[in-house]
């Protein structure tokens with residue numbers, strides 16, 4: 001039995017209960033104010049000291065508030081002191097004003113204060129606030145650690161302290177500089193030249209219309225690592241780009257048959273270095289279907305009937321029904337969804353919303369009830385003001401015994417068989433080319449039919465495609481026993 005350490009609620013309480021009552025102010029059932037409910041009322045329920053006629057013991061010595069009480073001060077006053085120490089008085093500089101307003105707007109000031117005191121890179125923000133470091137992106141680039149640096153950059157952009165930039169493109173530029181610095185001089189020259197005039201040039205052109213995606217940055221890194229391996233292989237075989245014979249190139253390609261970057265690199269090498277060899281681009285096709293529709297339906301039913309939190313089930317169901325990638329699910333915002341009295345609609349591509357099936361709409365309504373008032377993410381993470389990581393959603397999906405990639409591909413094939421590539425792109429958020437590949441591979445023939453696009457008809461088609469799946473699950477035709485671990 002825990003040892004009692006304090007007197008509350010008409011008796012002695014243990015340290016765990018004492019701390020919970022003291023740290024979490026709640027609405028008093030009598031006066032309605034958020035106070036520390038440390039006393040018992042006439043009805044035997046917990047009430048504040050004022051309503052119980054007892055002396056007040058837990059008010060903040062500075063402002064009198066009992067919310068987020070720690071020691072002798074409330075959470076808001078403690079956070080204000082920490083902000084003054086880190087960035088100076090609120091009115092001292094525009095930088096300090098922006099940071100004060102940002103952190104003071106959080107629902108629980110204790111989380112913001114813990115971040116200020118716990119993370120080492122907050123000292124960089126202090127140096128920027130007091131003029132010891134310039135307030136620019138170059139200073140943020142000096143912070144070690146990719147995720148930590150990214151968080152500080154997003155924080156300063158959100159506070160309008162730094163101008164907005166394309167995060168993925170900027171991070172890729174930094175990575176290329178660091179990557180080339182570790183290579184031999186002859187390899188670094190080729191890699192940096194190709195990265196600058198082919199990869200970055202293409203991404204900058206694309207960034208004029210939309211931000212660079214994480215997958216694009218990952219593909220660029222994979223390409224440059226593959227080029228380094230190719231250059232090392234040429235050194236081992238005493239050949240160069242200029243003297244590379246066709247048989248030697250084909251020998252290398254036979255050892256790495258799935259390197260899709262090679263044709264574009266060889267085209268560039270022919271133009272920039274006089275390479276005589278050539279490589280034919282491989283025809284791109286979507287992944288093959290690895291599970292049956294019965295298995296996918298069984299997983300969907302298991303998700304809907306599971307006893308886990310609604311948010312966990314909602315994230316998994318969005319992947320199984322719409323084929324949305326885990327990365328994109330983790331970054332969804334509540335504003336992506338439109339709630340009316342009779343349905344919930346999700347917007348996965350600009351100007352096009354798709355209705356959620358009844359069970360998913362119910363999960364969404366239950367999930368948003370528990371979201372913090374100041375939260376901007378549909379699936380908030382453990383870190384302050386950050387969304388959940390894709391790895392966490394992947395862990396949730398492992399409960400159902402089938403790889404999430406297989407479930408997503410199966411969902412996309414099912415939708416591709418029901419609609420045209422244009423509608424598939426609008427419904428799932430896929431690019432037009434990828435949607436066309438799925439429709440062609442599904443054998444539905446939609447790409448060959450010149451359909452006059454009617455938004456109302458298209459919406460009905462999406463409803464039917466998703467509704468068929470929901471009806472099949474509710475009909476009890478597909479038990480979970482159909483799932484087979486690979």
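The values are calculated or read from the model by the stated rules, or taken from the named source; none is laboratory data. What you see is a predicted model, and the numbers here were worked out from it, not measured in a lab. For neighbour counting, all protein chains shown are included, and Cβ atoms are generated from backbone atoms with ideal geometry for every residue, glycine included.
The figures follow:
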| read-out | value |
| --- | --- |
| Residue within the range 311-329 that is surrounded by fewer than 19 Cβ atoms within 10 Å (Cβ to Cβ) and modelled with pLDDT of 90 or more present | no |
| Matching option when the condition is closer than 30 Å to residue 98 by Cα, in contact with a strand residue (DSSP E or B) (Cβ under 6 Å, 6 or more places away or on another chain) and surrounded by 13 or more Cβ atoms within 10 Å (Cβ to Cβ), among 28, 77, 60, 48 | 60 |
| Given (1) under 25 Å from residue 376 (Cβ atoms); (2) part of a loop (DSSP other than H, G, I, E, B); (3) without any contact (Cβ under 8 Å) to a residue 40 or more places away in the chain, index of the condition residue 152 fails | (2) |
| Residue match in the range 467-475 (condition: at pLDDT 80 or above, part of a helix (DSSP H, G or I), farther than 18 Å from residue 290 by Cα and assigned by TED's automatic domain parsing to the domain that holds residue 356) | no |
| Tally, over the range 69-98, of residues that are closer than 23 Å to residue 158 by Cβ and outside any helix (DSSP H, G or I) | 6 |
| Where a residue in the range 428-441 is at positive phi and its partner, wherever it lies, is outside any helix (DSSP H, G or I), with Cβ under 6 Å and at least six apart | 429/348; 429/349 |
| Residue list for the range 276-315, restricted to those being free of Cβ contacts under 8 Å to residues at least 40 places away in the same chain and within 30 Å of residue 241 (Cα to Cα) | 276, 277, 278, 279, 280, 281, 282, 283 |
| Filter result (assigned to a strand (DSSP E or B) and within 20 Å of the chain's Cα centre (by Cα)) within the range 346-375 | 346, 347, 348, 349 |
| Condition met for residue 450 (assigned by TED's automatic domain parsing to the domain that holds residue 303, in contact with a strand residue (DSSP E or B) (Cβ under 9 Å, 6 or more places away or on another chain), at pLDDT below 70 and loosely packed, with under 14 Cβ neighbours inside 10 Å) | no |
| Residue check, residue 188 at pLDDT 90 or above and within 32 Å of the chain's Cα centre (by Cα) | no |
| Test: residue in the range 391-401 that is in contact (Cβ under 8 Å) with a residue 60 or more places away in the chain and not in a helix (DSSP H, G or I) | yes |
| Lone qualifier among 98, 112, 185, 207 - being loosely packed, with under 15 Cβ neighbours inside 10 Å, out of contact with any strand residue (DSSP E or B) (no Cβ under 8 Å at 6 or more places or on another chain) and not assigned by TED's automatic domain parsing to the domain that holds residue 34 | 185 |
| Checking residue 342 against (1) in contact (Cβ under 8 Å) with a residue 12 or more places away in the chain; (2) outside any strand (DSSP E or B); (3) exposed (fewer than 14 other Cβ atoms within 10 Å of the Cβ), the condition it does not meet | (1) |
| Members of the range 210-224 that are part of a helix (DSSP H, G or I), in contact with a helix residue (DSSP H, G or I) (Cβ under 8 Å, 6 or more places away or on another chain) and surrounded by 13 or more Cβ atoms within 10 Å (Cβ to Cβ) | 214, 216, 217, 220, 221, 223, 224 |
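Yes/no matrix, rows are residues, columns are (1) in contact with a helix residue (DSSP H, G or I) (Cβ under 6 Å, 6 or more places away or on another chain); (2) outside any helix (DSSP H, G or I); (3) under 28 Å from residue 111 (Cα atoms); (4) at pLDDT 80 or above:
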position: 6; (1), (2), (3), (4): yes, yes, yes, no
position: 19; (1), (2), (3), (4): no, no, yes, no
position: 22; (1), (2), (3), (4): no, no, yes, no
position: 29; (1), (2), (3), (4): no, yes, yes, yes
position: 37; (1), (2), (3), (4): no, yes, yes, yes
position: 43; (1), (2), (3), (4): no, yes, no, no
position: 50; (1), (2), (3), (4): no, no, no, yes
